[in-house]
Amino acid sequence: MRDAGIGRALLAVAALLAGLVPWWMAREEGAKSFPGFSVESGPTGVGDSAATGAFFRTAQVNTASTHTKSHSAALAELSDGTLVAAWYAGSGEGAADVAIYLSRRGVDGAWSEPAAVMTRERVQADLRRNVISLGNPLLLPDDSGRLGLLFVSIAAGRWSGSSMNLAWSEDGGLTWGAARKLTMNPLANLSALPRNPPARLVGGGWAVPVYEEFLGKFPETLWLRPRGEGWSSAVSRVEGGVYVLQSALVPLAVDRAVSFFRDFRPARWMSASWSDDAGRTWTKPAATGLPNRDSGLCAIRLSDGAILSAFNDLSPGKRENLRLALSEDEGRTWRTIATLAEEAGSEFSYPNLIRTSDGTIRMVYSARQTQILFAEFNEAWVHEQAEAAR
Amino acid sequence: MKETVIIWTALVPFLLLLWFSQRLSGLTGVSGLALAAVVSAAAVWFPWFGHPLPFWSASLSANFSVIMVLLLVVSVFDRAFETGIFRPRDWRAAWILGAVASLLLYPSALGLGPQNFDAYALGWPWLFWGQSVWLFGGAGFAAALLIWRGNRFGYVVFLAMLGYAAGFQESDNIWDYLLDPVYGAVSLVMILWIVWHRRTSGPLVPTSEESSVQ
């Protein structure tokens with residue numbers, strides 16, 4: 001009887017330790033869990049324009065596309081300066097023939113023929129589970145030359161039945177390793193999607209703005225950190241509820257950042273949250289003065305600290321225009337400075353902005369959800385537009 | 001995809017089929033279990049709509065909890081051999097823990113509750129290391145307390161935490177070793193049933209076995 005009691009006591013202690021030991025072993029990684037954002041002011045983007053001043057250029061990335069749906073484009077710069085764009089395309093949103101397409105823009109300035117890098121069949125084989133469609137690619141360029149591809153696969157239904165996957169390329173997106181599933185939530189791991197560019201972290205890795213749209217619709221941050229030969233991933237909440245999603249994360253300093261949200265409350269304002277603890281906690285989203293009719297937006301920080309946003313302004317149709325706005329007070333107030341596209345009855349949507357290593361601002365967006373358009377301009381052009389709009 | 005994940009996603013439909021086939025057939029004993037196991041294994045590897053069941057169960061979820069799987073194992077063995085591995089109070093502990101954990105986890109996973117709070121994020125020990133001690137320590141303490149009090153469900157929680165340390169699931173979040181929506185839903189239903197039963201029939205009287213076994 002006494003021996004049984006001792007045995008049970010030892011097992012009880014072992015059970016307590018089984019809980020505490022993994023927690024204690026994570027303490028070193030835990031001390032670096034919010035390492036801060038990698039923020040560089042960098043050049044202003046005049047280098048490739050003979051340093052003569054403002055420039056603005058546009059091009060179509062998927063010129064020969066025959067797909068009836070091409071949407072949700074993402075853009076990234078590789079360590080050698082090559083630009084890579086990725087988007088999903090097929091016969092329709094959620095269709096079985098939707099694939100993730102990728103195109104590269106070399107030094108000659110021409111976009112390569114788009115290649116389907118992830119198809120439903122391939123992802124289904126990689127994941128060994130049912131996949132009915134793909135969507136929402138996002139690119140993660142690494143300093144070492146590796147390129148990550150985040151995208152969703154839909155197991156059932158529409159976007160609320162999606163979950164997130166990650167694959168890596170060692171050759172700038174030409175070939176890809178097997179996709180693996182990321183665990184994002186406890187509800188059958190469904191309904192997590194990426195949308196806007198990631199922010200680099202001090203010491204490597206990314207903070208990726210993601211969102212859920214199952215019953216709740218809310219923004220989160222996916223933390224991807226190097227761990228040995230692989231990666232660790234975890235998700236933290238930005239805001240709960242059912243009113244904001246698709247955040248654009250803009251680092252302001254190592255420990256400060258602002259997130260802008262697509263907001264589908266009736267007030268029709270873009271809303272924003274701020275963090276002063278490296279993304280660990282966020283303020284309650286507050287409406288900014290920038291009108292936005294519940295549609296995808298993107299934002300980046302310029303070399304002088306101003307924030308540039310690409311967004312759909314209010315219009316009779318939902319997304320008939322795509323405009324640029326500038327904020328000089330960390331996103332609290334805004335001035336619309338330029339119109340990139342506008343056409344009655346048309347649609348220009350899902351802008352994806354990055355600032356490349358030479359300081360040039362580059363973006364991709366969808367036109368009529370069939371064309372993937374590319375625009376590039378420098379800060380001189382932005383300031384020229386801002387002056388003209390005063 | 002890890003090989004252990006493939007095994008896990010095969011084990012869950014196998015055990016579910018075994019559990020149902022035992023109840024539908026009424027078979028008990030070694031021969032009944034063996035027959036049910038053969039039928040279940042055949043059904044697991046049969047290509048339903050072109051794919052075996054693990055393919056479809058992984059599509060639903062690759063992260064069925066260790067606790068749910070072990071409860072299925074206990075139930076299958078109890079049914080086959082009438083061994084009484086779990087007594088009523090062990091089952092009650094399983095339903096109480098499942099219900100409490102579900103109420104802590106799932107509302108916040110749906111975006112309800114305090115603005116920045118997501119209980120699931122505490123399941124990655126490195127992300128919010130300071131706060132995660134409440135989850136990891138709490139799970140360890142619950143297992144220790146149950147074992148110390150002679151409740152056999154404590155061993156199941158203990159094994160789930162050992163499973164987390166081994167890291168054989170697709171998820172590296174401890175919540176996915178402790179809880180899943182199926183176990184959570186069954187727990188909530190069972191707790192409601194127990195409460196309803198007590199209100200209509202009075203408190204459940206401990207069996208002589210329950211009161212004597214420690």
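The values are calculated or read from the model by the stated rules, or taken from the named source; none is laboratory data. Since we're looking at a predicted model, the values are computed, not measured. Please note: Cβ atoms are built from the backbone with ideal geometry, for glycine as well, and neighbour counts cover all protein chains shown. Heads up: the accessible areas ignore ligands, DNA and RNA and are worked out on the full protein's heavy atoms, side chains in. Shrake-Rupley method; radii C 1.70, N 1.55, O 1.52, S 1.80 Å.
Please go through segment A:166-190 and pick out each residue that is more than 18 Å from residue A:115 (Cβ to Cβ) and in contact (Cβ under 8 Å) with a residue 24 or more places away in the chain.
Restricting attention to segment A:166-190, the residues satisfying the condition of being more than 18 Å from residue A:115 (Cβ to Cβ) are A:166, A:180-190.
A:166, A:180, A:181, A:182, A:183, A:184, A:185, A:187, A:189, A:190, listed by residue number.
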Item to complete: Residues being away from every other protein chain (no Cβ under 12 Å) and surrounded by 17 or more Cβ atoms within 10 Å (Cβ to Cβ): count how many of those fall in segment B:9-24.
Response: 11
Practice prompt. Sort out which residues of segment A:203-244 are over 21 Å from residue A:254 (Cβ atoms) and away from every other protein chain (no Cβ under 12 Å), and write them in order of number.
Written response: A:210, A:228, A:229
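Working only within segment A:74-102, note down all residues that are in contact (Cβ under 8 Å) with a residue 24 or more places away in the chain and in a loop (DSSP other than H, G, I, E, B). Steps first, please.
At the first step, the residues of segment A:74-102 found to be in contact (Cβ under 8 Å) with a residue 24 or more places away in the chain are A:74-96, A:98-102.
Result: A:78, A:79, A:80, A:81, A:82, A:91, A:92, A:93, A:94, A:95, A:96, A:98.
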Practice prompt. Specify which of the listed residues (B:59, B:65) is without any contact (Cβ under 8 Å) to a residue 24 or more places away in the chain, within 13 Å of chain A (Cβ to nearest Cβ) and crowded, with 19+ Cβ neighbours inside 10 Å.
Written response: B:59
Worksheet item: If you check every pair at least six apart or on different chains, which have Cβ atoms under 6 Å apart with a residue in segment B:172-194 that is free of Cβ contacts under 8 Å to residues at least 40 places away in the same chain first and a residue that is part of a helix (DSSP H, G or I) second?
Response: none
Discussion item. Quick check on segment A:206-222. Is at least one of its residues open to solvent by 10 Å² or more (accessible area, probe 1.4 Å), at pLDDT below 95, assigned to a loop (DSSP other than H, G, I, E, B) and under 26 Å from residue A:313 (Cβ atoms)?
Written reply: no
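Anything in segment A:293-332 that is basic (Lys, Arg) and free of Cβ contacts under 8 Å to residues at least 60 places away in the same chain? List them, or say none.
Result: A:293, A:318, A:319, A:323.
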Worksheet item: more than 7 Å from chain A (Cβ to nearest Cβ), at positive phi and either surrounded by fewer than 18 Cβ atoms within 10 Å (Cβ to Cβ) or of a type in the set (Phe, Trp, Tyr) (or both) - does that describe any residue in segment B:127-143?
Response: no
Item to complete: Mind listing whichever residues of segment B:108-126 are at the interface with chain A (Cβ under 7 Å from one of its Cβ atoms) and open to solvent by 40 Å² or more (accessible area, probe 1.4 Å)?
Response: B:110, B:112, B:113, B:115, B:116, B:117
Item to complete: Looking only at segment B:183-197, decide whether some residue is within 7 Å of chain A (Cβ to nearest Cβ), open to solvent by 20 Å² or more (accessible area, probe 1.4 Å) and of a type in the set (A, V, I, L, M, F, W, C).
Response: no
Discussion item. Restricting to segment A:234-244, name every residue that is open to solvent by less than 10 Å² (accessible area, probe 1.4 Å) and part of a strand (DSSP E or B).
Written reply: A:234, A:235, A:236, A:237, A:244
Item to complete: Tell me which of these residue B:80 doesn't satisfy, since it passes every other one: (1) under 30 Å from residue A:156 (Cβ atoms); (2) at pLDDT below 95; (3) aliphatic (A, V, I, L, M).
Response: (1)
Worksheet item: Mind checking which residues of segment A:147-176 are of a type in the set (Gly, Ala, Ser) and more than 20 Å from the chain's Cα centre (by Cα)?
Response: A:155, A:156, A:157
Fill in: Condition check for residue A:337: over 23 Å from residue A:89 (Cα atoms) and more than 20 Å from the chain's Cα centre (by Cα)
yes
Worksheet item: Does residue A:49 fit the bill of being more than 30 Å from residue A:237 (Cβ to Cβ) and either modelled with pLDDT of 95 or more or surrounded by fewer than 17 Cβ atoms within 10 Å (Cβ to Cβ) (or both)?
Response: no
Worksheet item: Which pairs have Cβ atoms under 7 Å, sit 6 or more apart or on different chains, and link a residue in segment A:3-15 that is part of a helix (DSSP H, G or I) to one that is open to solvent by 50 Å² or more (accessible area, probe 1.4 Å)?
Response: A:8/B:148; A:9/B:148; A:12/B:148
Worksheet, complete the sentence: Requiring at least 1 residues that are open to solvent by less than 30 Å² (accessible area, probe 1.4 Å), under 18 Å from residue A:269 (Cα atoms) and not basic (Lys, Arg), the strands (runs of 3 or more DSSP E) wholly within segment A:295-377 are A:298-301, A:307-311, A:321-327, A:335-342, A:348-355
Discussion item. Against the conditions (1) out of contact with any Phe, Trp or Tyr (no Cβ under 6 Å at 6 or more places or on another chain); (2) open to solvent by less than 10 Å² (accessible area, probe 1.4 Å), where does residue A:271 fall short? Just the number, please.
Written reply: (1)
Practice prompt. Output the residues belonging to segment A:167-195 that are of a type in the set (A, V, I, L, M, F, W, C), within 13 Å of chain B (Cβ to nearest Cβ) and assigned to a loop (DSSP other than H, G, I, E, B).
Written response: A:178, A:179, A:182, A:184, A:187, A:188, A:190
Worksheet item: So which residues in segment B:68-91 are surrounded by 16 or more Cβ atoms within 10 Å (Cβ to Cβ), over 13 Å from the mean Cα position of the chain (by Cα) and within 19 Å of residue B:191 (Cβ to Cβ), if there are any at all?
Response: B:86, B:87, B:89
Worksheet item: Is there a residue in segment A:124-132 that is more than 22 Å from residue A:349 (Cβ to Cβ), surrounded by fewer than 22 Cβ atoms within 10 Å (Cβ to Cβ), of a type in the set (Asp, Glu) and more than 14 Å from chain B (Cβ to nearest Cβ)?
Response: no
Worksheet entry | Check on residue A:200, assigned to a strand (DSSP E or B), within 12 Å of chain B (Cβ to nearest Cβ), of a type outside the set (Val, Ile, Thr) and open to solvent by 10 Å² or more (accessible area, probe 1.4 Å) | no
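Determine whether residue A:271 is under 24 Å from residue A:361 (Cβ atoms) and assigned to a loop (DSSP other than H, G, I, E, B).
Details: under 24 Å from residue A:361 (Cβ atoms): yes; assigned to a loop (DSSP other than H, G, I, E, B): no.
Answer is no for this residue.
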Fill in: Check on residue A:262, among the charged types (D, E, K, R) and assigned to a strand (DSSP E or B)
yes
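Might you check whether a residue that is buried (at least 20 other Cβ atoms within 10 Å of the Cβ), over 22 Å from residue A:260 (Cβ atoms) and away from every other protein chain (no Cβ under 12 Å) occurs anywhere in segment A:151-161? Quick ask: steps written out before the conclusion?
Pass one, segment A:151-161, residues buried (at least 20 other Cβ atoms within 10 Å of the Cβ): A:151-155.
From the residues that got through so far, the ones that are over 22 Å from residue A:260 (Cβ atoms) too are A:151, A:153-155.
Narrowing further to those that are away from every other protein chain (no Cβ under 12 Å): A:151.
Within segment A:151-161, one or more residues are buried (at least 20 other Cβ atoms within 10 Å of the Cβ), over 22 Å from residue A:260 (Cβ atoms) and away from every other protein chain (no Cβ under 12 Å).
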